[in-house]
Amino acid sequence: MANNQLTKNLLICGDNLKALDDLIKQGIKVDLIYLDPPFFSNKQYEVVWGDEAEVRSFKDRWAGGISVYIEWMRERVVKMYDVLKDTGSFYLHCDWHAGHYLKVMLDEVFGMNNFQNEIVWCYSHGGKSKNRFGRKHDIIFLYSNISKQLPSAN
């Protein structure tokens with residue numbers, strides 16, 4: 001990916017590790033990152049893409065459990081932190097499967113003081129159960145690099 005190819009927007013579908021490495025090598029910084037990763041749901045998904053002639057599938061299963069998933073996410077989030085401008089914002093979309101684990105990891109990478117908000121995205125479908133409360137929302141964690149913007153205290 002050459003510098004002139006990244007003029008305004010970049011959407012990465014799939015594993016973003018190589019693209020992040022390319023951005024870091026080129027010294028490119030971005031204003032906003034929205035991450036919609038696998039949710040640690042232990043399911044396999046098939047998604048109809050584009051004109052419905054293409055079907056993409058992926059497994060959201062992690063041999064080794066939650067710790068393997070969080071470390072896989074951490075590797076990517078650290079690189080995203082590196083490419084985020086000092087004035088940039090980072091959004092991570094997740095749900096009840098691993099959200100609380102992801103929040104702890106994000107606090108470690110970004111710093112607890114850079115946590116801005118937990119956005120609750122409610123929806124009306126699904127989530128009914130006779131055994132527990134309905135699961136009718138996702139979470140979007142918002143971080144910004146406030147500590148990078150503050151003058152150092154000398």
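What the table below lists for this structure:
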| read-out | value |
| --- | --- |
| Extension gain, SER89 back to ASP60 (0.36 nm per residue minus Cα-Cα distance, nm) | 7.8 nm |
| Spatial separation of Cα centroids for region 72-109 and region 117-137, in angstrom | 22 Å |
| Efficiency of FRET from Cβ geometry, TYR34 and GLU118, R₀ 22 Å, rounded to 0.05 | 0.90 |
| For region 37-77: relative contact order, % (alpha-carbon pairs under 8 angstrom, 6 or more apart) | 36 percent |
| Theoretical FRET efficiency, 1/(1+(r/R0)^6), r = Cβ-Cβ of LYS8 and ASN42, R0 30 Å, to 0.05 | 0.20 |
| HIS100, HIS137 arranged by Cβ crowding within 10 Å, fewest neighbours leading | HIS100, HIS137 |
| Sorted by Cβ neighbour density within 10 Å, fewest at the top, the residues ASP60, ASP21 | ASP21, ASP60 |
| Where N is the number of residues in region 1-143, Cα Rg divided by 2.2 N^0.38 Å | 1.14 |
| Relative contact order, percent, the chain [alpha-carbon distance under 8 Å, six or more residues apart] | 23 percent |
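Where a number appears in this text, it was derived from the coordinates with a stated rule and is not lab data. Here the structure is a predicted model, which means the values were calculated and not measured. Neighbour counts are summed over all protein chains in view; Cβ atoms, including those assigned to glycine, are modelled from backbone coordinates with ideal geometry.
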